[in-house]
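**Student:** Attaching a single structure in structure tokens format; questions to follow.
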Amino acid sequence: MLQPATVGSARTFGHRRAEVWCNDCHHHAEVSMDGLPDDLPIPDISLRYRCSKCGSKNLMSRGSIDEHYELIEQRSGKAIGNGSKHRS
């Protein structure tokens, strides 16, 4: 079975933020991974939060897509044009 990425493995690649999504009201936010243990799986970050809009604990987390594209653009020197900052 393939193991999920951890906070530590994400940091190795320069990632510092995660997205947490509410499965009930679809609200989402980016959170810092600073202070989280290296061995914490990225999907388990959501277990530490509650939705600030509806109060639900039915959340999911993943690495920040915006940060992912920002890092690609920094490393390549080319604008990718993806991520939520570029969506209308």
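**Student:** Taking the residues in the stretch 48-75 that are polar (S, T, N, Q) and part of a loop (DSSP other than H, G, I, E, B) as candidates, determine which candidate is farthest from THR12 (Cα to Cα).
**Tutor:** Taking the candidates together, the pick is SER56.
**Student:** Could you go through the stretch 74-84 and let me know if any residue there is surrounded by fewer than 16 Cβ atoms within 10 Å (Cβ to Cβ) and touching a strand residue (DSSP E or B) at 6+ places or on another chain (Cβ under 7 Å).
**Tutor:** Checked the stretch 74-84: no residue is surrounded by fewer than 16 Cβ atoms within 10 Å (Cβ to Cβ) and touching a strand residue (DSSP E or B) at 6+ places or on another chain (Cβ under 7 Å).
**Student:** Give the number of residues within the stretch 50-65 that are farther than 21 Å from LEU2 by Cβ and surrounded by fewer than 16 Cβ atoms within 10 Å (Cβ to Cβ).
**Tutor:** Result for the stretch 50-65: 8.
**Student:** Do we have ARG11 as under 28 Å from ILE80 (Cα atoms) and in a strand (DSSP E or B) here?
**Tutor:** no
**Student:** If you check GLY8 against the conditions, is it out of contact with any Gly (no Cβ under 9 Å at 6 or more places or on another chain), modelled with pLDDT of 95 or more and surrounded by fewer than 13 Cβ atoms within 10 Å (Cβ to Cβ)?
**Tutor:** Taking the combined requirement at face value, the residue does not satisfy it.
**Student:** Somewhere in the stretch 36-58, is a residue in contact with a helix residue (DSSP H, G or I) (Cβ under 6 Å, 6 or more places away or on another chain) and among the β-branched types (Val, Ile, Thr)?
**Tutor:** no
**Student:** Filter the stretch 23-47 down to the residues that are within 19 Å of ARG11 (Cα to Cα) and either more than 10 Å from the chain's Cα centre (by Cα) or at pLDDT below 95 (or both) and list them by number.
**Tutor:** Those that are within 19 Å of ARG11 (Cα to Cα) and either more than 10 Å from the chain's Cα centre (by Cα) or at pLDDT below 95 (or both): ASP34, GLY35, LEU36, PRO37, ASP38, ASP39, LEU40, PRO41, ASP44.
**Student:** Another question, if that's okay. Write out, first by first residue and then by second, each pair whose Cβ atoms fall under 6 Å of each other, whose residues are 6+ apart or on separate chains, and whose first residue, in the stretch 39-59, is in contact (Cβ under 8 Å) with a residue 24 or more places away in the chain and more than 10 Å from TRP21 (Cα to Cα) while the second is of a type in the set (A, V, I, L, M, F, W, C) and surrounded by fewer than 14 Cβ atoms within 10 Å (Cβ to Cβ).
**Tutor:** LYS53/CYS25; CYS54/CYS25
**Student:** Six or more apart or on different chains, Cβ under 6 Å: which pairs go from a residue in the stretch 71-88 that's modelled with pLDDT of 85 or more to one that's among the β-branched types (Val, Ile, Thr) and part of a loop (DSSP other than H, G, I, E, B)? Could you list them?
**Tutor:** ILE72/ILE80; GLU73/ILE80
**Student:** Please verify whether the stretch 17-28 includes one or more residues that are surrounded by 14 or more Cβ atoms within 10 Å (Cβ to Cβ) and polar (S, T, N, Q).
**Tutor:** Looking for residues that are surrounded by 14 or more Cβ atoms within 10 Å (Cβ to Cβ) and polar (S, T, N, Q), one finds none in the stretch 17-28, hence no.
The values are calculated or read from the model by the stated rules, or taken from the named source; none is laboratory data. Owing to the predicted nature of the structure, the values given are computational and were not obtained by experimental measurement. We place every Cβ from the backbone using ideal geometry, glycine too, and count neighbours over all the protein chains shown.
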